[in-house]
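Written below as structure tokens is the structure these notes are about.
The values are calculated or read from the model by the stated rules, or taken from the named source; none is laboratory data. Given the structure is predicted, the values throughout are model-derived calculations rather than measurements. For neighbour counting, all protein chains shown are included, and Cβ atoms are generated from backbone atoms with ideal geometry for every residue, glycine included.
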Amino acid sequence: MSAHRPVFLVTGADLAAPALALLTDFEVVYAGARPTEADLIALCRQHDPVAIIVRYGKVGAAVMDAAPGLRVISKHGSGTDTIDKAAAAARGVAVVAAAGANAAAVAEHALALLLACAKSVVALDARMHAGHWDKATHKSVELEGRTLGLIGLGAIGLRFARMADAMGMRVIGFDPYAKNLPAQVEAVDLETIWRESDAISLHCPLTADNAGLVDARTLAACKPGVILVNTARGGLIDEAALLAAVRSGQVGSAGLDSFAVEPMTVPHPFHGEPRITLSPHIGGVTAEAYVKMGVGAARNALAVLGHPTAA
């Protein structure tokens, strides 16, 4: 353990400079780009951190037990599904998240995936590079006047709602915790999302209650040709059911930024599917979001610790 300053353990290889500037009273220890549970346990035993900033990997009970002085686990972003919150609560360890810090980046990426699906951007690009000119045979999907169903109406979902509204889409949304929704979002139940949406975008956290939310039953309840976008968590989708629905045409196209297993296994059943657009969970990875998430994670942890630089 450090003989001088208390330790912040970062489950990643770096942290933005403005975040580090807030942590000058602490020693910052990095776990590397792809830390395993064993790596984190070893580092906790060595340094006994007072705080863990979670970028990559999972923080469970064994990691917490290796750090008896741990007081706070702070997510570098908004999704805390990689943190065992029940174990943290049992040990008196606070769990906080930089909610909203990457909202602009993720909402923009969701829009990019929606447009890529509706306009066949990737497939047409490949055809053009191969020397084809498909103007006479291809028709894209016009989004104006269509219905976008949002599942999750937090900072990201509401920002995406404003974008869709600006394009002339009808926006409906489901979120049992959302209050005081803006005028452009019509609150509905899940069955209405499945039944009325021309495109569905997921913006909710992954919980035990909603794992596999998008499955064979819910996909069958959707409009034929529905577009599905996921910039949230891969565990929200039954991937085998989605693949079957894409191949049958029930799902017209899908734009996915998160997956049940990450990094994605190779080979993967989605590989080579022309109507599934993939990106490697980078919706929130921009230079601006990197700084905002780092600063948010640092400030949130410092607030729990009662440190004056949290303000």
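Annotations for the structure displayed:
- Filtered by the rule that a residue be part of a loop (DSSP other than H, G, I, E, B) and small (G, A, S), the range 101-133 gives A101, S120, A130, G131.
- Residues (farther than 19 Å from T80 by Cα and surrounded by 14 or more Cβ atoms within 10 Å (Cβ to Cβ)) located in the range 15-40: A16, A19, L20, L22, L23, F26, E27, V28, V29, Y30, G32, D39
- Scanning the range 9-46 for residues that are within 19 Å of A94 (Cα to Cα), touching a residue at least 40 places away in the same chain (Cβ under 8 Å) and of a type outside the set (S, T, Y) turns up L9, V10, L23.
- Breaking point among (1) aliphatic (A, V, I, L, M); (2) buried (at least 16 other Cβ atoms within 10 Å of the Cβ); (3) farther than 15 Å from R299 by Cβ, for V10: (3)
- Checking the range 280-299 against the condition returns no match, with no residue being closer than 30 Å to V214 by Cα and free of Cβ contacts under 8 Å to residues at least 12 places away in the same chain.
- One residue stands out among those in the range 134-156 that are touching a helix residue (DSSP H, G or I) at 6+ places or on another chain (Cβ under 6 Å) and part of a loop (DSSP other than H, G, I, E, B): the one that is farthest from N210 (Cα to Cα), which is D134.
- The lone exception for G234 - which of (1) surrounded by fewer than 23 Cβ atoms within 10 Å (Cβ to Cβ); (2) over 13 Å from the mean Cα position of the chain (by Cα); (3) modelled with pLDDT of 95 or more; (4) not polar (S, T, N, Q) it fails: (2)
- Restricting attention to the range 19-37, the residues that are more than 11 Å from L9 (Cα to Cα) and assigned to a loop (DSSP other than H, G, I, E, B) add up to 8.
- Failed condition for V246, given (1) surrounded by fewer than 19 Cβ atoms within 10 Å (Cβ to Cβ); (2) more than 16 Å from the chain's Cα centre (by Cα); (3) of a type in the set (V, I, T): (1)
- Check on R45, modelled with pLDDT under 95 and among the basic types (K, R): no
The rows are residues; the columns are (1) closer than 25 Å to G235 by Cβ; (2) out of contact with any strand residue (DSSP E or B) (no Cβ under 6 Å at 6 or more places or on another chain).
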| position | (1), (2) |
| --- | --- |
| Y30 | no, no |
| D39 | yes, yes |
| A67 | no, yes |
| H76 | yes, no |
| D81 | yes, yes |
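- Here is the figure for the range 228-260: residues that are part of a strand (DSSP E or B) and more than 17 Å from A211 (Cα to Cα) total 5.
- Here N180 meets each of (1) out of contact with any Leu (no Cβ under 8 Å at 6 or more places or on another chain); (2) at positive phi; (3) touching a residue at least 24 places away in the same chain (Cβ under 8 Å) with one exception, condition (3).
- Extreme residue, farthest from A112 (Cα to Cα), among residues of the range 255-276 that are within 16 Å of the chain's Cα centre (by Cα) and buried (at least 20 other Cβ atoms within 10 Å of the Cβ): F259
- Looking across the range 176-229, the residues that are of a type in the set (S, T, N, Q) and either closer than 21 Å to A161 by Cβ or modelled with pLDDT of 95 or more (or both) come down to N180, Q184, T192, S197, S201, N210, T218.
- Hits in the range 277-290 - residues which are buried (at least 16 other Cβ atoms within 10 Å of the Cβ) and not in a loop (DSSP other than H, G, I, E, B): T277, L278, A289, Y290
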